[in-house]
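All remarks here apply to the structure that follows.
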Amino acid sequence: MLKKTLAGIATGALLLGAAACGGGDDEGGGGSDGLVVGFAQVGAESAWRTANSDSVRDSADADDRIADLQFVDAQQQQEKQIEAIRNFITQKVDVIVLAPVVETGWTDVLTDAEQAGIPVILADRGIEEADEDLYVTRIGSDFVEEGRKAGTWTVEEFAENETTGILQLEGTVGSAPANDREAGFFEILDGEDFSYELVDSQSGDFTAEGGKAVMETFISTHGLEDIDLLYAHNDEMGLGAIQAIEEAGYEPGTDIQIIIVDGSKAGFQAGVDGKLNYIVECNPVFGDQLMDLVVQVADGADVEKFTPVVEDAFGVDEFEAELPNRQF
Ligand code: GYE
């Protein structure tokens, strides 16, 4: 805590120095009172999301360059995010941070932000390419790459199978991580000499309840005899599915192998307990990096269009050693 405060003071001092060099332009961002930032967060649907919200709030609190972070939890509803952005525009915040729940439907509201002269940073999820000019930069994960990691493990793990039966639990329909995790996964499967059947694929909306309900339907519709693998786009849906599998009298991790994406403590614990087989990490702790971007963007600095966060992937032999390192 002390370290964080000192770091905040140090960066604050740096910024004051930079402002002095720049001739003390107090317009909008970077003024001596610090920046006002509006953050339209997706919701609180997962451990990943909660850790992400905590990281952004903690970093803003500890950062003297940020006067106020206005945080809105949009409960996974795009209309609530649009409403939040309209409020931020009315209040003339310095920078808007948006974690867009889905990829499409942002043109109007982001055009309004642009016309109001308020820069927008995307945190976590991305939006469609057609609207690329309406935000300055995005910080977050490479979701296609996460899908590729899951795909690469799958083709190796089931190399000897004649045909591999797969079920997919998709994230929120139309969201960047659901679209991209699917695209990366099947890019690898289709690019290799690998025979598989996608037996079923449905959205569990990134929640445990959603994952459990969809898995119950999968089991009652298809049984598990011809299924080798469940690919769940996040931990919560995978953990919900594990419950459904156990309640139906099967052994998760053995009767059906399971991949999850995120890598929360609960996810790793399920791995240590032998209930799942591969974890693709998605890192939510990028609050400090985000605050640096906020300040740079408010100052009108040139920044990269995409700042990736560093991520890994873990197999069964690594679950136990990695569990104590998990931050969420
Ligand atoms: O994987 C999931 C959350 O957008 C990367 O959203 C994020 C995803 C994450 O609900 O758990």
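The values are calculated or read from the model by the stated rules, or taken from the named source; none is laboratory data. Every value quoted in this text rests on a predicted model; they were computed, and no experiment measured them. Neighbour counts are summed over all protein chains in view; Cβ atoms, including those assigned to glycine, are modelled from backbone coordinates with ideal geometry.
Taken as a whole, region 218-239 holds no residue that is in contact with a Gly (Cβ under 6 Å, 6 or more places away or on another chain), more than 12 Å from the ligand (Cβ to nearest atom) and closer than 25 Å to Gln75 by Cα.
Has region 159-170 got at least one residue that is within 12 Å of the ligand (Cβ to nearest atom), in the same structural domain as Asp235 (by TED's automatic domain parsing) and either surrounded by 24 or more Cβ atoms within 10 Å (Cβ to Cβ) or over 19 Å from Asp262 (Cα atoms) (or both)? There is at least one residue in region 159-170 that is within 12 Å of the ligand (Cβ to nearest atom), in the same structural domain as Asp235 (by TED's automatic domain parsing) and either surrounded by 24 or more Cβ atoms within 10 Å (Cβ to Cβ) or over 19 Å from Asp262 (Cα atoms) (or both).
Within region 265-305, the set of residues being within 18 Å of Arg138 (Cβ to Cβ) and within 16 Å of the ligand (Cβ to nearest atom) comprises Cys282, Asn283, Pro284, Val285, Phe286, Gly287, Gln289, Leu290. Scanning region 285-321 for residues that are within 15 Å of Arg65 (Cβ to Cβ) and not small (Gly, Ala, Ser) gives Asp288, Gln289, Leu290, Met291, Asp292, Leu293, Val294, Val295, Gln296, Val297, Asp299. Among strands (runs of 3 or more DSSP E) entirely within region 217-328, having at least 3 residues that are over 20 Å from Glu145 (Cβ atoms) and without any contact (Cβ under 8 Å) to a residue 24 or more places away in the chain singles out no element at all.
Rundown of residues vs (1) within 10 Å of the ligand (Cβ to nearest atom); (2) in contact (Cβ under 8 Å) with a residue 40 or more places away in the chain; (3) part of a loop (DSSP other than H, G, I, E, B); (4) not aliphatic (A, V, I, L, M), yes/no style:
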residue	(1), (2), (3), (4)
Gly174	no, yes, yes, yes
Asn179	no, yes, no, yes
Ala183	no, no, no, no
Leu189	no, no, no, no
Glu197	no, no, no, yes
Gln202	no, no, no, yes
Gly211	no, yes, no, yes
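In region 41-56, the residues that are within 8 Å of the ligand (Cβ to nearest atom) form Cβ pairs under 8 Å with partners that are of a type in the set (Phe, Trp, Tyr) and not in a helix (DSSP H, G or I), at six or more places apart or across chains, as follows: Glu45/Phe206; Ser46/Phe206; Ala47/Phe328; Trp48/Phe328; Asn52/Phe286.
The strands (runs of 3 or more DSSP E) located wholly in region 63-148 that include 1 or more residues which are touching a residue at least 40 places away in the same chain (Cβ under 8 Å) and more than 16 Å from the ligand (Cβ to nearest atom) occupy 66-73, 95-98, 137-140.
For region 225-256, how many residues meet the condition of being surrounded by fewer than 21 Cβ atoms within 10 Å (Cβ to Cβ) and closer than 25 Å to Glu160 by Cα? Total satisfying the criteria: 8.
Considered as a group, the residues in region 187-217 that are in contact with a strand residue (DSSP E or B) (Cβ under 8 Å, 6 or more places away or on another chain) and under 23 Å from Trp48 (Cβ atoms) include one that is surrounded by the fewest Cβ atoms within 10 Å (Cβ to Cβ), and that residue is Ser201.
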